[in-house]
Every structure is written in structure tokens, then in C-alpha cells.
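Remarks on the structure that follows.
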Amino acid sequence: LVCSLFLPFVASRIGYLLTPEFAASTNNGGRGSRWEIALSYLAMNPVFGFGLGMFGGAVAMQNQIYKWISYFYVDNYYLKILVEMGWAGFLVFLLMMASLLFVGLRAVYRTSRPLKGRSVHPLCAGMFAGLCGVLVHCYFENIFEEPYMMAYFWSIAAMIVYLGFFRGRSPLQKQ
């Protein structure tokens, strides 16, 4: 993985992300400009937002309830949630995600000791890393707009919560 960073096309792509030209292009019709427009829509109803499915994603694009706004994909799931649910809903959403991360970390810790001679720790840690990857990806894409991604995400989250109920014995405990 680290070696791939030194491939010429990968290095040039990553290098371009750090240039003023990229910043200018993203602010001129790219994600930056769409995020700015989304924040201006949030200012209209900052506490409760527009309502679910009214902005920034596939449902809003297909239905276009409001005729006075321009519809587009906002390419940031967290910003989409903020505009649709306002600060009240967004804070509850963040609390839910923080609790999922806490429970996931607890499950990774609890599975670190073998249970009946078997270790599910690598499986649990891998699933947790995958969930964290999806959560990071949500900053740049409306990944939860895809029903299969939402189903996979919450199914894996449920598996991690389930694994968190198991505890291996400490080497100091009697067998």
C-alpha cells in the first residue's frame, strides 16, 4: 500500500490535491462551492433543517419538492444530514455515530483475548476498520445514499456489537 504512493500517477494525483489550482477549481463549481451553497441553505432553518429527503441526495434530486432551490448532490453525507435535519438532528446523528464507535472499540478490546481457544479479534478489528473507512468516505461522498452500502454498514455494525458481548479469559484467571 505504501509503495503505491510512489507510483508516478498516484503521486501526481495526491500532489495536485495540495496545489492552489485544485483549491480554486473545487471552489469554482466543485465540492467547495456546493458545500458553500448547502451552508447557505442551512441558514434558512438552522435548528430543524429542510426535512429528510429534501436536499443534497438522490431522493431530493428525484422529487425536487421545492422549486426555488437548485438541487445537486452535496458530496458530503454529514453536510447533507446537517442541512436536512438541522443542528438538532445532526447532533443526535453524531451521538449515534460516536456511540457506535465506542461500542466498536469496546468490541475490539474485548475480543483481544481468545475465547475458548479461538480468536475473533482480527475479524472484529477488520470490520471496525471497514466501518471507520466508510465513515471517513462519507465526508467526500453520499455513500449512504446507496441502499446496499447502508445495509452492509449496519449489518457489520450489528456483528461488531454482537462480538462485543463476548469476553475471553485473562491469563491470570483460573481455567
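Any chance you could give the angle, 0 to 90 degrees and rounded to 10, that helix 121-137 forms with the longest Cα principal axis of the chain? Taking the Cα atoms of the chain, the angle to 121-137 is about 10 degrees.
Which order do the peptides 7-15, 46-54 come out in when sorted by mean C-beta neighbours inside 10 angstrom, highest first?
Working: 7-15: 9.7, 46-54: 15.8.
Going from most to least packed, we get 46-54, 7-15.
Relative contact order, whole percent, for the range 1-150 stands at 20, derived from Cα pairs under 8 Å and 6 or more residues apart.
If you roll a 1.4 Å probe over the heavy atoms of the protein chains, what accessible area per residue do you get for the range 1-117, in Å²? Working shown, then result.
Values: 7370 Å² over 117 residues.
For the range 1-117, the solvent-accessible area averages 63 Å² per residue.
For the chain, carbon and sulfur atoms together expose 69% of the accessible surface, with a 1.4 angstrom probe and every protein chain in place.
Do any trypsin sites (Lys or Arg not before Pro) in the range 60-118 lie in a loop, going by DSSP, with at most 10 other beta-carbon atoms within 10 Å of their beta carbon, and if so which? Spell out each step's value before the answer.
Details: sites: LYS67, LYS80, ARG106, ARG110, LYS116, ARG118; in loops: LYS67, LYS116.
Those that pass, being in a loop and sparsely packed, are LYS67, LYS116.
Calculated [222 nm] ellipticity per residue, helices only, for the chain: -19500 deg cm²/dmol; basis is -39500 (n - 2.57) per DSSP H run with n ≥ 4, divided by all residues, nearest 500.
If packing is taken as the mean number of other Cβ atoms within 10 Å per residue, what is the order of 137-143, 59-65, highest first?
Numbers: 137-143: 15.9, 59-65: 13.6.
So the order, starting with the most tightly packed, is 137-143, 59-65.
The values are calculated or read from the model by the stated rules, or taken from the named source; none is laboratory data. This is a predicted model, so every value here is computed, not measured. All Cβ positions, glycine included, derive from the backbone under ideal geometry; neighbour counts span all protein chains shown. Just so you know, the surface numbers come from the protein's heavy atoms only, side chains and all, with ligands and any DNA or RNA stripped out. Shrake-Rupley method; radii C 1.70, N 1.55, O 1.52, S 1.80 Å.
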